[in-house]
Amino acid sequence: MRKRVVILRIHKYDKDLIKEKISQALYKYFSIDSIKKEDNILLKPNLLMPVNPYLAITTHPTIIEAVGCIFKERGNSVFVADCPGGFLNKNDLNYVYKETGVFDISLKNDFKLLYPESFFTKNNLPLCWWVNQFKMINIPKLKTHSLTTLSLATKNLYGCIYGDFKSFFHLKLPKPKDFIKIIIDLYKNIKPFLNIVDGILGLEGNGPARGGRPKNLGLIFIGDDPLYTDYAISKFFKIKDRFNPLIKAAKEMGLIFEKDLEIISDLKDINVNLKLPSVHILNYFPNSLISFLKSFLKFYPKIDNGKCRFCFKCKNYCPKNAIYVKENGELGINLKKCIMCMCCIESCKFGAINLDRGFILKIIGRL
Ligand code: SF4
Ligand code: SF4
């Protein structure tokens, strides 16, 4: 069966405009009439960390609001949920909802915010309780990602994993090609009925957090399947499969086929570029050279003790116990233990941990 992806061109976060354009696309190209009034709708954005939405790290609240209002007007109850790493209790998650603008739009439109109070397991995946209770609409951000090249609809399902299990999987599967298997497992077990990717303001460069750079892309992608939606986006930006580990693995596993992708777009001669993470350029190097340079090629998390409030959330969340208190009372990171999972960066609500690039990456990042 063919999988459909619609591309919309929208340049600003104007709720009425976004609502009108998405609504037209849903009625024309997707089976929205199969949603009954009594169905409860769950909006699943990417709320990676508590930051201003104009940093393009999280889904913009205006898109969440526009989509929620479409279903509210059809008589559905609308819920919003995410489970960002390190923000498991209600107070912490409320802080994320507030900083990302989701709290305000939920209050205004009578959307109910959910909290990850418990989990269930499905095929060994520990998933937040809300995953199988609602009709899910996946609303990710269009971002680059230093581990997986892109973070789009399928990767956004990682936010359905309950709390600290996320850092557990990072610990168990530090290599991109192994980590991708968890993302594909999530794809097989979680079925959002719509995927609406917020690419009005995207994130390029060394995403998915503060290392990336916001970029006006003016795009929204809507698809009925997360993997095909990601495939369409990868093709749109002309990213070769070998540079996109998710698409490469999905093709090798027979999960996606070119012939089954139907792209609907009236955009002509549009040329929008997306700068990929610095590590992407390494794909042009021969393997022998990469293994020789390996120790110089890493990203390192670095704590800015001037900004640190010594709450120790990062220390408690680190799956490798790599964060320690130095003799002078400052926090340090033992890079011999660190597996570069970046969980500490995502868990720090004060923005006190950032990515520091190794010498060679600093040079090639300028290319
Ligand atoms: S770096 Fe951030 S999370 Fe870690 S102790 Fe400091 S303020 Fe807390
Ligand atoms: S220090 Fe940060 S990046 Fe390194 S293992 Fe711990 S949480 Fe992961």
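The values are calculated or read from the model by the stated rules, or taken from the named source; none is laboratory data. Just so it is clear, the structure is predicted and the values come from calculations on it, not from any experiment. Note that each Cβ is placed from the backbone with ideal geometry, even for glycine, and that neighbours are counted across all protein chains shown. When the accessible area is computed, the model is the full protein with side chains, heavy atoms only, and any ligands, DNA or RNA have been set aside. Shrake-Rupley method; radii C 1.70, N 1.55, O 1.52, S 1.80 Å.
Just to be sure I understand the filter: pairs with C-beta atoms under 6 Å, separated by 6 or more residues or on different chains, first member in the range 157-178 and in a helix (DSSP H, G or I), second member open to solvent by 40 Å² or more (accessible area, probe 1.4 Å). Which pairs pass? Partner pairs satisfying both residue conditions: P176/L147. In the range 65-81, the qualifying residues are those that are of a type in the set (D, E, K, R) and in a helix (DSSP H, G or I), and the one that is nearest to V102 (Cα to Cα) is E65. List pairs: first in the range 304-317 and in the same structural domain as G332 (by TED's automatic domain parsing) and among the hydrophobic types (A, V, I, L, M, F, W, C), second part of a helix (DSSP H, G or I) and modelled with pLDDT under 95, Cβ under 6 Å, 6+ apart or cross-chain? As it stands, the answer is C314/C344; C314/S347, since those pairs meet every condition given. Considering the range 312-352, the residues that are open to solvent by 60 Å² or more (accessible area, probe 1.4 Å) and closer than 19 Å to L173 by Cβ include one that is nearest to ligand 2 (Cβ to nearest atom), namely K320. Counting only residues that are within 17 Å of the chain's Cα centre (by Cα) and either assigned by TED's automatic domain parsing to the domain that holds I353 or in a strand (DSSP E or B) (or both), the range 16-57 holds 4 of them.
Of all residues in the range 64-100, those satisfying the criterion of being within 23 Å of H170 (Cβ to Cβ), away from ligand 2 (no atom under 16 Å from the Cβ) and open to solvent by 10 Å² or more (accessible area, probe 1.4 Å) are N89, D92, Y95.
None of I200, I220, I182 is closer than 26 Å to C343 by Cα, hydrophobic (A, V, I, L, M, F, W, C) and crowded, with 17+ Cβ neighbours inside 10 Å except I182.
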